[in-house]
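What follows is a set of notes on a single structure, which appears directly below.
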Amino acid sequence: MPVFWIIIALLGLAAVGFLLGRRNALSSVEGNPTLLHSRPNYYGAGVALSALIPALFVLAVWLFVQPLLIDTRVSGAIPADAIPEGSTLGLVMNDVQRLASGLEQLQEMGRITGREITDLTTDGDIRARLGEIGFALGSDVRPEVLDAARQFRTLESTGRLFMTIVALVAAVAGFAINLSRVHRDKRARNQVEGVIKALLLASACIAILTTVGIVLSMLFESINFFRQYPITDFFFGTQWAPNFRGNSDLGIIPLLWGTMYISLIALLVAVPIGLFSAIYLSEYASRRFRAIAKPLIEVLAGIPTIVYGLFALLVVGPMLRDYFAQPMGLGNSGSSVMTAGLVMGIMLIPFVSSLSDDIISAVPQTMRDGSLGLGATKAETIRQVVIPAALPGIVGAILLAASRAIGETMIVVLGAGAAARLSLNPFEAMTTVTVKIVSQLTGDTNFASPETLVAFALGLTLFVITLGLNVIALVVVRRYREQYE
Amino acid sequence: MVDIPDSRGTSTSSILTADKRTKKRNAAEKRFRFYGLAAICIGLSALVMLLASILYQGIPAFTQTKVTLEVPLSADVLDPEGNRDPEDIAKVITFGYAGLIEEAVENAIEEYGIEIEGLDDPAAIVSKQASAQVRNWVLKNPEAVGGTQQFSFYTTSRIDQYYKGKVTMASAELDSQISIEQIQLAEALEEAGALERGFNWDFIFAPDASDQRPEAAGLGVAIIGSAYMMLIVLCLALPIGVAASIYLEEFAPTNRLTDIIEVNISNLAAVPSIVFGILGLAIFINFAGLPQSAPIVGGLVLTLMTLPTIIISTRAALKSVPPSIRDAALGVGASKMQSVFHHVLPLAGPGILTGTIIGLAQALGETAPLLLIGMVAFVTEYPDAPPDGFFDPATALPVQVFNWTQRADPAFAERASGAIIVLLVFLAIMNITAILLRRRFERRW
């Protein structure tokens, strides 16, 4: 039974459980709910939850463990000499799984019966039959693969059958046990609330799981990468020249250089503009002007980065090339560090301005009043009193913006180019860490080659850099807040 | 008598006339103010330029030039067996229909009395999509074989771009895909009323088309893919996010676990989106074995990305409910859980909803992580209805934009901008809904 229908069945059982639990509770006090420990709905909810939760738990664990077990069983059964030259067990297993799912589809479409599958031989031209339903196989089917695929299918279907049985048994058992305990003195509300609280905690822990998932997934593949490629060459190599036939140069320095250069230009655009807008909006602007201008600037923050990327590609890039780079003889590439940096700067304006706005508004009014009372002009007050007081917060905001700039992907993919270069000319195309993650992980990927795995090492580096910047920014901001509260 | 020295030194300043220093300070004040105003103007003009250029480039994508032709569905070509059996008709592949289109164009030239010297391959003004269009129609109406039928075809993108002003006679001369004579033919057909430019619904509803025929490419699959992903994000991120926020805001004891959760949430909010793509690729596709390019994987990745946003805004909404509400509920004997679920949560509802819509809008525009989980694939078939459709290959709106920017034909740049307009319209609707909800339900305690 497909998982979807199992879940529907479980939900149905839970609904019945709710009604029965409620009814039994009421009938145990002859319909007078004031005699019950909890309100009747809690008895129903208790039964429903005890039917659902163990069964769903079994289901989740089973779905997670079964593929792993079957994989080891089947790949253990493939003889070592069945693996062709230049291939690996993993690749053969891929073939097996693909063939198995192809046969599954054939059977679902009624083009083949279960008996026919057991009688299939490799000369029966399975590939052509699968091709008919639009299921392409990479190569002709070899007998070992067919055997393994059959075994795979048998194991999978028995596994599924057991899963259905176990899940339903667990549901019915939970249902029956809880229902039999429904009684007027049962502390149903406390039990249900305990379960709900556990669920709430579990939801909160998903944040931890996500972080752990991010770190582990990148760490393992990075370790794989560093087994094949020396770690010093990665961090200190000044050449980036991936070559899918092997022997690639995978030095991160040119990528980091491009990333830093573009981020620097972006910050040079965003920080002055964002900061001055924030100062004007919080210190000078009339209420009406602020009510209009602030949301409009924040619209810039709501625009997806792909839009900025397209803007860089179609408008800013050609404009810079035609009016600056070519007349000055600095190159003739539409995608350049300048293009990506300028557009990214525009993207960061609202980020800097709204963060700084909050920080400037948080500076106590008494400090401004003191300065103005001594005869300083407004500009002097802002420059010599407000900004120094807000400085730690502003630095924090700039660091957050920098971390945004470093992790930004679509603008650089479309605006910066793909050539890894160590150059000072801002009108030349350069590339960044994020661009290379995208280009190494899209298209044909082979998770055994260093050219693909390098993306995970790049990702980990990116994660560590941005995390570091965020942590520093948070510390700076927090320390500042303690001063005035 | 001794002169009392001027206490103000040698200066003879007066409060009525500004001295040099005051003038300087006032000028500095004015300058400073001007910088601020200029910064805002730069920001706003960037916004205007961004939107104006996208609109300017994208609006033409919504119209398309079409040519109306009478196609002779000759039985010799379409039904060589002569028995009108749909299966036999289906054996004639798309390529076989190309001759009919050519014939149709030649008939039209003759009928309208068009004479153009040096006209070569007149059928090249009709999109390559035309043969497939005729074939699909014939397969549905096999009884029409033998007669003639009127069709409205796309012209090729070059002709279309000529009418949109992006291809000129001068550029056509250098172009191998179009000749001046063919443009003249298109103009003659337009005069005869057989060719016109109109609104193109297929741009919104049709699936993507290959590199060679930008005129037929549409956003249908991308819109469905995005909608599926938003559905998944809504179904997962909203309950999980709200549950996590309730725990952290109402129940969490101050201990190390709570601290770790808090730190994690604030860090996840700042992790670059592409890192979530790596997570999706490594965990959901390579480890859990979910299919590539499927909305389910995209939805899961975007859920993890949106969770921090939803949690942060939900917590703010819960925090804004005054403690007196909780105290009152507890005072009349409600349990802590009842006070939260019966009183605090409904009052925080509008705030939570607003935060969720904004989170969804963010997820809708996200591109980078989807590139890594294979949503860049070329998909021309609509996914099935959910839940099976969640596992079918699809693309997403922003990824479709990216996809089109990577193609060689310049007509795709126009379509990419058009797709952005569609995306921005969806985003605007979502954000305006959020603002209206906030206005309507905002409560000051």
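The values are calculated or read from the model by the stated rules, or taken from the named source; none is laboratory data. Since we're looking at a predicted model, the values are computed, not measured. Neighbour counts are summed over all protein chains in view; Cβ atoms, including those assigned to glycine, are modelled from backbone coordinates with ideal geometry.
This table checks each residue for (1) surrounded by fewer than 23 Cβ atoms within 10 Å (Cβ to Cβ); (2) away from chain A (no Cβ under 14 Å); (3) within 30 Å of B:P386 (Cβ to Cβ).
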residue	(1), (2), (3)
B:P291	yes, no, yes
B:I296	yes, no, yes
B:A334	yes, no, no
B:M337	yes, no, no
B:F341	yes, no, yes
B:L370	no, no, yes
**Message:** For the stretch A:363-385, give me each residue that is closer than 27 Å to B:I15 by Cβ and surrounded by 15 or more Cβ atoms within 10 Å (Cβ to Cβ).
**Reply:** A:M367, A:R368, A:S371, A:A376, A:T377, A:K378, A:A379, A:E380, A:T381, A:I382, A:R383, A:V385
**Prompt:** Does B:N286 satisfy being within 12 Å of chain A (Cβ to nearest Cβ), without any contact (Cβ under 8 Å) to a residue 24 or more places away in the chain, on the phi < 0 side of the Ramachandran plot and in contact with a helix residue (DSSP H, G or I) (Cβ under 8 Å, 6 or more places away or on another chain)?
**Reply:** no
**Message:** Going through B:G241, B:G193, B:G218 one at a time, which residue ends up being at pLDDT 85 or above, closer than 21 Å to B:F151 by Cβ and either buried (at least 16 other Cβ atoms within 10 Å of the Cβ) or in the same structural domain as B:D120 (by TED's automatic domain parsing) (or both)?
**Reply:** B:G218
**Asked** In this structure, does B:L234 turn out to be crowded, with 18+ Cβ neighbours inside 10 Å, within 23 Å of A:L462 (Cβ to Cβ) and either in contact with a strand residue (DSSP E or B) (Cβ under 6 Å, 6 or more places away or on another chain) or more than 9 Å from chain A (Cβ to nearest Cβ) (or both)?
**Response** no
**Complete:** Residue set B:T309, B:T303; condition buried (at least 16 other Cβ atoms within 10 Å of the Cβ), within 11 Å of chain A (Cβ to nearest Cβ), in contact (Cβ under 8 Å) with a residue 12 or more places away in the chain and not aliphatic (A, V, I, L, M); output residue B:T303
**Asked** What residue, among those in the stretch B:22-64 that are under 25 Å from A:V315 (Cβ atoms) and among the polar types (S, T, N, Q), is farthest from the chain's Cα centre (by Cα)?
**Response** B:S45
**Complete:** Among residues of the stretch A:154-188 being in a helix (DSSP H, G or I) and of a type in the set (V, I, T), the residue nearest to A:P40 (Cα to Cα) is A:I177
**Item:** Within the stretch A:199-315, helices (runs of 4 or more DSSP H) holding 3 or more residues that are within 13 Å of chain B (Cβ to nearest Cβ) and surrounded by fewer than 16 Cβ atoms within 10 Å (Cβ to Cβ)
**Value:** A:287-302
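Is it fair to say A:L399 is within 24 Å of B:A46 (Cβ to Cβ), surrounded by fewer than 24 Cβ atoms within 10 Å (Cβ to Cβ) and assigned by TED's automatic domain parsing to the domain that holds A:G251?
yes
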**Asked** Within the stretch A:316-362, restricting attention to residues that are part of a helix (DSSP H, G or I) and of a type in the set (S, T, Y), which residue is surrounded by the fewest Cβ atoms within 10 Å (Cβ to Cβ)?
**Response** A:Y323
**Item:** Qualifying positions in the stretch B:358-373 - assigned to a helix (DSSP H, G or I) and of a type in the set (V, I, T)
**Value:** B:I358
**Prompt:** Give me the pairs: first residue in the stretch B:416-437 and over 15 Å from A:G309 (Cβ atoms) and in contact (Cβ under 8 Å) with a residue 40 or more places away in the chain, second residue in a helix (DSSP H, G or I) and of a type in the set (S, T, N, Q), beta-carbon distance under 6 Å, and six or more apart or on different chains, which are they?
**Reply:** B:A434/B:T354; B:L437/B:T354
**Members of the stretch A:350-402 found to be among the acidic types (D, E) and within 42 Å of the chain's Cα centre (by Cα), listed by number** = A:D357, A:D358
**Message:** So the check is Cβ under 8 Å with 6+ separation or different chains; which pairs have a first residue in the stretch B:191-209 that's in contact (Cβ under 8 Å) with a residue 12 or more places away in the chain and a second one that's part of a loop (DSSP other than H, G, I, E, B) and of a type in the set (V, I, T)?
**Reply:** B:A192/B:I114; B:P207/B:V379; B:P207/B:T380; B:D208/B:V379; B:D208/B:T380; B:D208/B:T395; B:A209/B:T380
**Complete:** Note on A:T434: of the conditions (1) of a type in the set (S, T, N, Q); (2) assigned to a helix (DSSP H, G or I); (3) surrounded by fewer than 23 Cβ atoms within 10 Å (Cβ to Cβ); (4) in contact (Cβ under 8 Å) with a residue 40 or more places away in the chain, unmet is (3)
**Message:** Out of B:S313, B:S339, I need the residue that is over 23 Å from B:L427 (Cβ atoms), modelled with pLDDT of 90 or more and assigned by TED's automatic domain parsing to the domain that holds B:V422. Which one?
**Reply:** B:S339
**Request:** Keeping to the stretch B:318-339, report how many residues are of a type in the set (A, V, I, L, M, F, W, C) and assigned to a loop (DSSP other than H, G, I, E, B).
**Result:** 3
**Item:** Where a residue in the stretch B:117-142 is closer than 24 Å to B:P86 by Cβ and its partner, wherever it lies, is in a loop (DSSP other than H, G, I, E, B), with Cβ under 7 Å and at least six apart
**Value:** B:Q129/B:A209; B:Q129/B:R213; B:V138/B:L73; B:V138/B:V145; B:P142/B:R84
**Request:** Please find, within the stretch A:439-463, the residue that is nearest to the other protein chains (Cβ to nearest Cβ) out of those that are in contact (Cβ under 8 Å) with a residue 60 or more places away in the chain, among the small types (G, A, S) and surrounded by fewer than 22 Cβ atoms within 10 Å (Cβ to Cβ).
**Result:** A:A448
**Message:** Return the pair list, or none, for Cβ contacts closer than 9 Å from residues in the stretch B:377-402 that are farther than 22 Å from A:D444 by Cβ to residues that are of a type in the set (K, R), at least 6 apart or on different chains.
**Reply:** B:V401/B:R415
**Per-region count, the stretch B:246-266, residues assigned to a helix (DSSP H, G or I), of a type in the set (A, V, I, L, M, F, W, C) and more than 7 Å from chain A (Cβ to nearest Cβ)** = 2
**Message:** Regarding the stretch B:372-380, can at least one residue be identified that is among the hydroxyl-bearing types (S, T, Y) and modelled with pLDDT of 90 or more?
**Reply:** no
